[in-house]
1. Taking only Cα atoms, what is the 0 to 90° angle, nearest 10, from helix 80-99's long axis to the longest principal axis of the chain?
2. In whole Å, how far is the Cα centre of the stretch 102-152 from that of the stretch 290-345?
3. With a 1.4 Å probe and every protein chain left in place, work out the accessible area per residue of the chain in Å², rounded to a whole number.
4. Of the accessible area of the chain, with the probe set at 1.4 angstrom, what percent is carbon plus sulfur?
5. If the stretch 10-125 were replaced by its equivalent ellipsoid, with semi-axes equal to the square roots of 5 times the Cα gyration tensor eigenvalues, what would those be, largest first, whole Å?
6. Label points 7 Å out from Cα along the Cβ direction at Glu139 and Ala46: separation in nm?
7. For Lys294, give me every one of the lysines with a C-alpha distance below 21 angstrom, ignoring sequence neighbours fewer than eight places off in its own chain.
8. So if each residue of separation counts as 0.36 nm, and I subtract the Cα-Cα distance between Asn384 and Tyr372, what length gain in nm does that give?
Amino acid sequence: MMNIAHNPLTDPLKIAKDLAQEFAQTAAERDKQGGNPKHERDLIRASGLLTLSIKQEFGGQGADWATIFNSIQIIARADSSLAHVYGFHHLLIATVELFAQKQQYEPWFKQTVQQNLFWGNTLNPLDRRTSATQISETEYIFHGDKSFCSGSIDSDMLLCSAYNPEGKLLIGVIPTQRKGVSFLGDWNNMGQRQTDSGSSYFENVKIHVNELLLNPGPLSTPYSSLRPLIAQLIFVHMFLGVAEGAFNTAKETVQGQKAWSKSLVEHAVNDPYTQRHFAEFYVQLESVRLLANKAVAALQQAWDIGEALTPEQRGEVSIAIATAKIAATNTSLAITQNMFQVMGARATTAQLNLDRFWRNVRTQTLHDPIDYKYQEVGEWVLTNQVPQPSFYA
């Protein structure tokens with residue numbers, strides 16, 4: 001594969017749009033098939049976009065967060081499964097940067113740039129079935145099952161986790177091909193069907209101490225606690241991208257349709273009820289875009305502050321992102337469901353597979369309960385209390 005990732009990308013968002021255009025040609029059929037989108041993942045590797053979140057001093061692009069999130073959003077318009085694993089790649093890069101020190105992650109990042117490495121996830125801190133046992137001063141053994149391992153199959157590097165006997169969460173970085181790591185390929189859900197979000201199994205996998213992220217470690221400072229907020233913003237832009245994809249599909253369809261037989265106009269674009277639906281879609285999308293932009297700006301400011309970030313500053317970012325998450329969830333579910341109201345019965349044919357837009361956001365919006373985002377924002381409104389950092393807030 002051509003190694004272009006270390007070269008500057010003149011227009012990352014143009015590259016994302018070109019990828020999205022290609023992915024759109026096969027998205028419906030691949031959604032039916034499920035499984036691993038190996039060819040498409042290799043196109044992402046060759047594009048250079050995997051290096052966007054890596055600093056220039058390590059050979060990466062050093063892009064700002066707006067560019068990274070916008071590239072995720074663009075890909076999600078065509079294929080939210082690929083946007084998911086691509087977005088998680090950048091989340092895992094950020095996780096390592098937030099939970100570790102430069103001398104530890106520098107070689108991993110340089111290798112990622114030089115070899116176009118794709119990072120996969122076997123973290124899932126809610127799943128405590130994987131145990132960590134220290135066998136020497138320099139080695140641990142990770143053993144057990146792990147669920148919801150998005151992007152793990154066909155990855156090159158893994159972020160993995162386990163709990164030691166004292167209940168402490170340990171997070172490590174290892175090559176995906178490390179002996180003892182296996183993937184069950186058991187992801188067969190109604191949406192996000194090509195994310196490979198199934199189970200993994202660690203059979204006495206050796207983890208070296210220098211592969212563990214211990215300094216400062218998981219969520220140990222306000223700055224390192226930006227990690228879950230980055231994850232939430234990835235979801236915001238995925239949901240927004242899917243909603244935009246559904247909106248564009250409905251718009252293109254309606255622009256070529258005759259109006260309903262009882263309508264007083266000939267063409268659907270001139271029907272007042274159809275126009276009302278599209279006005280609602282547009283207002284909802286614009287609202288999410290504005291909230292997402294505000295949240296991204298808040299995150300970027302906090303990221304730039306770095307280790308000096310205060311709990312109060314971090315809390316303000318979390319509220320901005322929770323607000324955008326609520327709006328993005330509601331809008332994406334509404335548009336992907338109601339797109340059929342304007343397109344009509346012909347749009348429900350299995351050949352078009354347009355229900356994938358709804359199935360994908362319905363599946364991914366369940367990642368963590370939206371009710372708790374309402375609770376966080378409501379508590380802040382009433383008491384000025386910001387959310388306590390966790391892997392989901």
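1. Helix 80-99 and the main axis of the chain meet at about 30 degrees.
2. 28
3. The answer is 44 Å² per residue.
4. Numbers: 9080 of 17380 Å².
That share works out to 52 percent.
5. Details: eigenvalues 122, 50, 29 Å².
That gives 25, 16, 12 Å for the three semi-axes.
6. Between Glu139 and Ala46, the label points sit 4.0 nm apart.
7. Once the sequence-local lysines are set aside, what remains near Lys294 is Lys325, Lys373.
8. Contour length minus Cα-Cα distance gives 2.7 nm.
The values are calculated or read from the model by the stated rules, or taken from the named source; none is laboratory data. Source: prediction; values computed, not measured. FYI the Cβ positions are ideal-geometry reconstructions off the backbone, even for glycines, and counts take in every protein chain you see. All accessible areas refer to the heavy atoms of the entire protein, side chains included, with ligands and DNA or RNA removed. Shrake-Rupley method; radii C 1.70, N 1.55, O 1.52, S 1.80 Å.
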